[in-house]
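Note sheet for the following structure.
Read the figures in this text as sums done on the coordinates, not as results from a lab. Model, not experiment: these values are computed from the prediction. When we count neighbours, we look across all protein chains shown, and the Cβ atoms used for this are built from the backbone with ideal geometry, even at glycine.
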Amino acid sequence: MTAINKQVKQAVRDKYAWPGGYPLFIITSDCAALCIDCVRDNWRGVAHSVVTGCHDGWNATGAAINWEDADLTCDHCGENIEAA
C-alpha cells in the first residue's frame, strides 16, 4: 500500500503554493492534469486509486505549478488551469 503524496495533500488543502501563492494542479500516474476542485470533489476515488495502486486516471502522483501554459486544461472537467 502506498500513502498519498504529501504534495498532493497540501495542494488539496490550499490550492496555492507557499511561498509565492502560485496556483497548483495535480498530476496523475497517466500524466493527466487535474484541477484542485476536481480532485477535491473526487477525493474518495483519488485516495482509493493511490492506496491500491490503481491506474484509472485518479492516481495522483504529485502537484505542480502551471508556470506558462495558458492553454492547460483539466483532463476531467475541461476548465482552464490558471497559469502563474
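Details
Yes or no, residue by residue, for (1) among the hydroxyl-bearing types (S, T, Y); (2) under 21 Å from K6 (Cβ atoms); (3) in contact with a His (Cβ under 8 Å, 6 or more places away or on another chain); (4) in a loop (DSSP other than H, G, I, E, B):
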residue	(1), (2), (3), (4)
H48	no, yes, no, no
C54	no, yes, yes, yes
G62	no, yes, no, no
H76	no, no, no, yes
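- From the list A11, A17, the one residue that fits, being in contact with a helix residue (DSSP H, G or I) (Cβ under 7 Å, 6 or more places away or on another chain) and surrounded by 17 or more Cβ atoms within 10 Å (Cβ to Cβ), is A11.
- Candidate set from the range 22-48 (those that are hydrophobic (A, V, I, L, M, F, W, C) and more than 14 Å from T61 (Cβ to Cβ)); member that is surrounded by the fewest Cβ atoms within 10 Å (Cβ to Cβ): W43
- Within the range 28-38, considering residues that are in a loop (DSSP other than H, G, I, E, B) and under 10 Å from the mean Cα position of the chain (by Cα), the one farthest from C54 (Cα to Cα): C35
- Total residues in the range 1-27 satisfying the condition of being of a type in the set (V, I, T), in contact with a Leu (Cβ under 8 Å, 6 or more places away or on another chain) and either more than 21 Å from V51 (Cβ to Cβ) or touching a residue at least 40 places away in the same chain (Cβ under 8 Å) (or both): the figure is 0.
- Taking the criterion of being assigned to a loop (DSSP other than H, G, I, E, B), in contact with a strand residue (DSSP E or B) (Cβ under 7 Å, 6 or more places away or on another chain), closer than 17 Å to A84 by Cα and not hydroxyl-bearing (S, T, Y), the residues of the range 1-27 that qualify are K15, A17.
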